[in-house]
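K.L.:
First the structure, then my questions, so here it is.
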Amino acid sequence: MPNDEQISLFDVPSTEASTPSGFDPELIPTSAKIPIPVGTYQTMEQMGEHCNRCHRCDLGASRTHAVIGRGNLNAPIMIVGEGPGQTEDETGMPFVGRSGQLLDRILEAVHLTTEEHVFICNVVKCRPPENRTPTTDEAEACKGYLAEQIRMVDPKIILLTGATAMKALVGIKQGITKVRGQWIEKDDRFYMPIFHPAYLLRNPSKEKGSPKWLMWQDIQAVRTKLDEIQGS
């Protein structure tokens, strides 16, 4: 669990706000030095138009498509990964390769779908070269886009896959094995770090205590928490 000394890369605003008077939103994609005010975007399409011509960091130079998200735009659950891979860069959709297929099956096992319950996105919207972990500067440059996505979707539960997502949103720097499955309350939302589906593909065992077995416990806990929130 995070302590008082752990500081998130950014804090997600929990209230609506309007852009400052005289602010030109067309400057946003040009430089990471220009902040993205709360309330800049009304739709994912608006944000996506900026992301697809964004050069707030160097990742824009090599992207095919910015990867915004997929799923229900009013979902009670958001899953945040680190960054797009090759398939995602080619299609413009997050988690659509083998990892995404496994993630969808995991969700379906507890009757959760992207059509109704889940919105999926990443900390950075462009693919890091060779699928490497995004740098702190890249995550910082993209932070306003993710903050706007959280504001627009307004999920009650946010699942964090990967170290970048954990550090950015809840300030956790420990390894995933030490913190996965733990609930963290912040900004009137419930956060939980979970294993990345790619990690599960590399560890196929389903024996008790294995990553896949632990993931099954975690996703059941997510389903239970959602039912509690919704009063089911």
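K.L.:
Residues of region 24-76 being in a loop (DSSP other than H, G, I, E, B), open to solvent by 20 Å² or more (accessible area, probe 1.4 Å) and β-branched (Val, Ile, Thr), which ones?
P.N.:
Hits for region 24-76 are 34, 36, 38, 40, 43, 64, 68.
K.L.:
Here's something else I'd like to know. Looking at (1) farther than 20 Å from residue 83 by Cβ; (2) in a strand (DSSP E or B); (3) open to solvent by less than 50 Å² (accessible area, probe 1.4 Å), which one does residue 160 not meet, given that it meets all the others?
P.N.:
(1)
K.L.:
Turning to a different aspect of this structure: Could you grab the pairs with beta carbons closer than 6 Å, sequence gap of 6+ or different chains, first residue in region 99-111 and under 15 Å from residue 204 (Cβ atoms) and touching a residue at least 24 places away in the same chain (Cβ under 8 Å), second one of a type in the set (Gly, Ala, Ser) and open to solvent by less than 30 Å² (accessible area, probe 1.4 Å)?
P.N.:
So the pair list comes out as 99/198.
K.L.:
How many of the residues in region 178-232 are of a type in the set (Gly, Ala, Ser) and farther than 27 Å from residue 151 by Cα?
P.N.:
Here is the first cut: in region 178-232, the ones of a type in the set (Gly, Ala, Ser) are 181, 198, 205, 209-210, 221, 231-232.
Then drop every residue that is not farther than 27 Å from residue 151 by Cα, which leaves 198, 205, 209-210.
The total comes to 4.
K.L.:
Which condition number does residue 206 fail, the rest of (1) at pLDDT below 95; (2) open to solvent by 10 Å² or more (accessible area, probe 1.4 Å); (3) part of a helix (DSSP H, G or I) being met?
P.N.:
It is condition (3) that residue 206 fails.
K.L.:
Restricting region 134-152 to residues that are open to solvent by 10 Å² or more (accessible area, probe 1.4 Å) and of a type in the set (A, V, I, L, M, F, W, C), which is farthest from residue 70 (Cα to Cα)?
P.N.:
Checking each candidate, the answer is 142.
K.L.:
For region 28-79, how many residues meet the condition of being under 21 Å from residue 135 (Cβ atoms) and among the hydroxyl-bearing types (Ser, Thr, Tyr)?
P.N.:
Residues in region 28-79 being under 21 Å from residue 135 (Cβ atoms) and among the hydroxyl-bearing types (Ser, Thr, Tyr): 4 in total.
K.L.:
Same structure again: Report the residue count in region 86-115 for those that are within 26 Å of residue 151 (Cβ to Cβ), assigned to a loop (DSSP other than H, G, I, E, B) and not aliphatic (A, V, I, L, M).
P.N.:
First, the residues of region 86-115 that are within 26 Å of residue 151 (Cβ to Cβ): 88-89, 91-96, 100, 103-104, 107, 112-115.
Now restrict to residues that are assigned to a loop (DSSP other than H, G, I, E, B): 92-96, 112-115.
Okay, now just the ones that are also not aliphatic (A, V, I, L, M), so 92, 94-95, 113-115.
The number of residues fulfilling the criteria is 6.
The values are calculated or read from the model by the stated rules, or taken from the named source; none is laboratory data. Since the model is a prediction, treat every value here as computed from it, not as a measurement. Don't worry about glycine lacking a Cβ; one is built from the backbone with ideal geometry, like all the others, and counts go over all protein chains shown. Protein only, heavy atoms only, side chains kept; ligands, DNA and RNA dropped before computing areas. Shrake-Rupley method; radii C 1.70, N 1.55, O 1.52, S 1.80 Å.
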